[in-house]
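Q: Quick one: the structure is below, questions incoming.
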Amino acid sequence: MTTSAKLQTLTLADDLTVTRVGYGAMQLAGPGVFGPPKDRGQAIAVLRETVDLGLTHIDTSDFYGPAVVNELIKEALHPYAAGLHIVTKVGARRDDKGGWIPSLDPADLKAQVHENLQHLGLEALDVVNLRTAALEAGSSDSIAEQFGALAELRQQGLIRHLGLSGVSDAQLTEAQAIAPVVTVQNLYNLANRADDALVDRCAAENIAYAAFFPLGGFTPLQSTTLADVAERLGASHQQVALAWLLQRSPSMVLIPGTSSLTHLRANIAAADLVLPADAIAELDAIGK
């Protein structure tokens, strides 16, 4: 595995250093993140290219597919290269039609961890995120019981590090009183800036902030300002949006997903794009 010089890294613990540009594996499953991929060979190729290009951070979950994506990762990359970190999440299941079902019972969270271990072919998971039912800014609901269940598995050595997804500032504080948190994975991008204060808090506490849907998700970012800046810089809209995130915070990490080799390479190239101050000022205004 070769790491490109352009890919900055973030050290979160003695045994956890990741490239700030990662890869989100969700789109490797079929439509609606359900069932097998349309082109299994292409999915395997994308995963292998991810590692060949130097990314050391892959985001996944056993509820992608379900199990499909984790099994693809195992087929493509196992035995895993030294320094490659796979971040997974628990907190949901799928019904037989692909529907998303929150599943936060502590016993089932533990069962989901064991399923991730099995399908990834691992004895311990590098990072497990507790995914709440909230898509955006989290809530005031307690997550102590759920996070505590994962902390027990950390003490047993089945999980090395813990993270959170879909949480509020208060929920992060509650979790930190139970066990260290190395990453927060919330919805954040140029147009969705509700987490600005939490992004800054994570930077101050050396917690990776992983912006999911960095390009807008199911509703791609649409902005005349973004288009104008991209044209001026000779870059794509997507590259400018990703570069803005990288410059927004030193602890920001990206997990854009794609099933295309071309898009994968374009996303990684965003790490090379340095936005001038005037461009950042224009882009900042989009979310305000």
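Q: What are the residues whose amide H is under 5 Å from the amide H of Tyr23, where those residues sit 5 or more places off or on another chain and H is modelled from the backbone?
A: Result for Tyr23 returns His57, Ile58, Asp59.
Q: Could you derive backbone 3J(HN,Hα) for segment 39-53 from the dihedral phi with the Karplus parameters 6.51, -1.76 and 1.60 (θ = phi - 60°), listing whole Hz in sequence and x where the residue is Gly or Pro?
A: Residue by residue, segment 39-53 yields 10, 4, x, 5, 4, 5, 5, 4, 4, 5, 5, 3, 6, 4, 7 Hz.
Q: Could you run the Karplus curve 6.51 cos²θ - 1.76 cosθ + 1.60 with θ = phi - 60° over segment 276-288 and give me ³J(HN,Hα) per residue in whole Hz, x for Gly and Pro?
A: x, 4, 5, 5, 4, 4, 5, 5, 4, 5, 4, x, 9
Q: Sticking with this one: Which FRET efficiency value, to the nearest 0.05, is calculated for Thr9 and Ser139 with the Förster distance at 45 angstrom and r the Cβ-Cβ distance? Numbers along the way, then the final one.
A: Details: r = 33 Å, r/R0 = 0.72.
FRET efficiency, Thr9 to Ser139: 0.85.
Q: Roughly how many nanometres apart are two label points built 7 Å out from the Cα toward the Cβ at Ala170 and Lys38?
A: Taking the simple label geometry, Ala170 and Lys38 are separated by 4.4 nm.
Q: Among Lys38, Lys6, Lys288, which comes first, then next, by fewest other beta-carbon atoms within 10 Å? Could the numbers behind the result be given before it?
A: On the way: Lys38 11, Lys6 14, Lys288 6.
Fewest-to-most Cβ neighbours within 10 Å comes out as Lys288, Lys38, Lys6.
Q: Hey, another quick one. For segment 242-247, what does the Karplus curve 6.51 cos²θ - 1.76 cosθ + 1.60, with θ = phi - 60°, yield as ³J(HN,Hα) per residue in whole Hz, taken in order and with x for Gly and Pro?
A: Those phi angles translate into 6, 5, 4, 4, 4, 7 Hz.
Q: Taking neighbour Cβ counts within 10 Å as the exposure measure, how do His161, His57 sort from fewest upward?
A: Working: His161 21, His57 29.
Ranked by crowding around the Cβ, least crowded first: His161, His57.
Q: Here is a follow-up. When DSSP assigns beta bridges and you keep just the ones with both residues in segment 9-287, what percent turn out antiparallel, to the nearest 5? Don't skip to the answer; put the middle values down first.
A: Working: 8 of 38 bridges.
Roughly 20 percent of the DSSP beta bridges within segment 9-287 come out antiparallel.
Q: Tell me which label goes with the value of log10 I(q)/I(0) by the Debye sum over Cα atoms at q = 0.09, 0.13, 0.16 Å⁻¹ computed from the coordinates here: (i) -0.49, -0.92, -1.33; (ii) -0.39, -0.86, -1.34; (iii) -0.44, -0.95, -1.49.
A: (ii)
Q: Suppose the chain between Glu49 and Ala197 were pulled fully straight at 0.36 nm per residue; how much longer would it get relative to their current alpha carbon spacing?
A: Details: separation 148, 0.36 × 148 = 53.28 nm, distance 3.49 nm.
Working it through step by step, the gained length comes to 49.8 nm.
Q: For the chain, set up a Gaussian network in which alpha carbons nearer than 10 Å are linked by springs, and say which option among Gly257, Gly91, Gly83 fluctuates the most.
A: Looking only at Gly257, Gly91, Gly83, the largest GNM fluctuation is found for Gly83.
Q: Please work out the C-alpha center-to-center distance from segment 244-266 to segment 79-145 and express it in whole Å.
A: Answer, in whole Å: 22.
Q: Could I have the simple spin-label model distance between Leu233 and Gln155, label points 7 Å from Cα toward Cβ, reported in nm to one decimal?
A: Reported label-point gap for Leu233 and Gln155 is 4.7 nm.
Q: For the pairs Lys38/Lys97; Lys89/Lys288; Lys74/Lys97, note any where the Cα-Cα span goes beyond 22 Å.
A: On the way: Lys38/Lys97 17 Å; Lys89/Lys288 31 Å; Lys74/Lys97 25 Å.
Over 22 Å Cα-Cα: Lys89/Lys288; Lys74/Lys97.
Q: Tell me the GluC sites (Glu not before Pro) within segment 30-79 that lie in a loop according to DSSP and have at most 14 other beta-carbon atoms within 10 Å.
A: When the GluC sites (Glu not before Pro) of segment 30-79 are filtered for loop state and at most 14 Cβ neighbours within 10 Å, nothing remains.
Q: Identify the residues of segment 154-169 with backbone N under 17 Å of a label point that sits 7 angstrom from the Cα of Ala124 along the Cα-to-Cβ direction, or state none.
A: 154-163
Q: Taking neighbour Cβ counts within 10 Å as the exposure measure, how do Met252, Met26 sort from fewest upward? If you can, show how the numbers build up before the last one.
A: Numbers: Met252 22, Met26 19.
Ordered by Cβ neighbours within 10 Å, fewest first: Met26, Met252.
Q: Using a Gaussian network model on the chain with a 10 Å cutoff between Cα atoms, which of Ala29, Ala210, Ala266 fluctuates the most?
A: Among Ala29, Ala210, Ala266, the largest GNM mean-square fluctuation belongs to Ala266.
Q: 5 Å is the cut-off here: which amide hydrogens, built 1.01 Å from N in the peptide plane, fall below it relative to Ala211, excluding neighbours closer than 5 in sequence?
A: Answer set, sorted by chain and number: Val253, Ile255.
Since every read-out is calculated from the coordinates, none of them should be taken as a lab result. Computed from a predicted model, the values in this text were never measured in an experiment. Cβ: placed from backbone, ideal geometry, glycine included. Neighbour counts: every protein chain shown.
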